[in-house]
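Please treat every number below as a calculation from the coordinates, not as lab data. Everything quoted here is computed from the prediction, not taken from an experiment. Positions of Cβ are generated from backbone atoms using ideal geometry, with glycine treated the same way; all protein chains shown enter the neighbour counts.
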Amino acid sequence: MYYMSKKKILKFITVLTMTVLLLFGYSVVNASGQIPPAQLPTGSLGSNTVDIRTTTESATPNTHGAFRARCFYSHMNYDDPIVFPNQIGASHLHTFFGNTKTNANSTYQSLTTSGNSTCEGGIANRSAYWVPTVMTATGNPVPPSFLLVYYKSFTTSTVKNIPNALRMVAGSSKAQNAQDPKVTFWECRNPSNVVVGTGASIPNCPKNSTLKLRVNFPICWDGFNLDSTDHKSHVSYGVKGKCPLSHPVNIPNVGFLVQWNVTTNSTTGWRLSSDMYDQSIPGGYSAHADWFEGWKPEIRTTWFENCLRGSKDCHVGLLDDGEILYNRVVPTRR
């Protein structure tokens, strides 16, 4: 008769449990409570070139200035180079766009000199953009379809260019109830693009609809610090659109619009990886976003001067100088 050792029995039970969980659509975590890298959704390889082409398109004059950058899903990991620099695996699960090498060790130097980019324009924009990962009711991470980044100016005469290496966090990963809708806001649209749900938490979206998260960053900077201890004090939302004396420099408003395609029957039970509160409370209250500037300065200056300072509404990638950023790489997963 064959006898199994206790160690072999435990290993067999572990493998069997993991197999059953995977068969029923549940995500499997390791001893640290993290999903192994091999089970995380893979993203676009990105581009390793500056992807700019000529165009006959021109921007529309506007009372405000606006430029848009579109980026596709790159990767997921448990890092946060702003909140937990140089601490691999110290954060909740994040979904990244832009620089394909963004991790806990990322710096302005590493972002601007290495890594491909999943943004239109390729390595013209190696900025790092990330949000907490959306999880299904069974704990599976949901890869987003894209991120649209808005750079806007509401006071074109006083707005200043974004400083190299600026980084910011908007929203609160600790929130357990509704945040200011001017900072974070959820929305659901059906296949006909009709809004069918909104709120501070993840709305109940039907299958084939799109779930959207909007996050707005501050528009005022203290003029000296590229970061701060709490990663928020060096910037401010201002008062009635005007910058306070403590943060006198008006910078462009950075806004995220992240979209997920709903392929399950609904979003019932969906949560954010940062929703560290009672599961009886709706998911999504802890919505937040991080942004680490990594543009080629000359490209950023072009759209800043032509679109934001020039009081023009430039659509996605349009530099309004006869050129446009484009996506050379098909944004499918590797």
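Taking other residues whose beta carbon is less than 15 angstrom from the beta carbon of ASP227, and scoring Lys, Arg as +1 and Asp, Glu as -1, yields -3. Pairs spanning more than 22 Å between alpha-carbon atoms, out of LYS174/LYS207; LYS174/LYS242; LYS160/LYS232; LYS174/LYS212: LYS174/LYS207; LYS174/LYS242. Counted by Cβ distance under 13 Å from ASP79, the other residues give a net charge of -1, where Lys and Arg count +1 and Asp and Glu count -1. Here the Gaussian network model covers the chain, with springs between Cα atoms less than 10 Å apart; of PHE96, PHE256, PHE154, PHE154 fluctuates the most. Counting charges near TRP186 (Lys, Arg +1; Asp, Glu -1) among other residues having Cβ under 10 Å from its Cβ returns a value of +1.
Taking a point 7 Å from the Cα of LEU245 along the Cα-to-Cβ direction, the residues of region 217-234 with backbone N closer than 17 Å to it are 221-223. Considering only SER47, SER74, SER117, the Gaussian network model of the chain with Cα springs below 10 Å gives its largest mean-square fluctuation to SER47. GNM remark for the chain: springs join alpha carbons under 10 Å apart, and the peak mean-square fluctuation among ALA128, ALA38, ALA200 falls on ALA38.
Across region 60-161, the mean sequence separation of Cα contacts (distance under 8 Å, 6 or more residues apart), normalised by length, yields a relative contact order of 33 percent. Translational diffusion of region 135-281 was estimated from the Stokes-Einstein equation, with Rh taken as the Kirkwood radius over Cα pairs; at 25 °C and 0.890 mPa s the coefficient is 145 µm²/s. Magnitude of the charge dipole for the chain, about its Cα centre and with charges confined to Cβ atoms of Lys, Arg (+1) and Asp, Glu (-1), is about 760 debye. Per-residue Cβ neighbour counts within 10 Å put SER114, SER153, SER246, SER201 in the sequence SER246, SER114, SER201, SER153, beginning with the fewest. To the nearest 0.05, how large is the calculated FRET efficiency for THR63 and TYR277 if R₀ is 41 Å and r is the Cβ-Cβ distance? Calculated transfer efficiency: 0.50. Our compactness index for the chain, the C-alpha radius of gyration over the empirical 2.2 N^0.38 Å, is 1.06.
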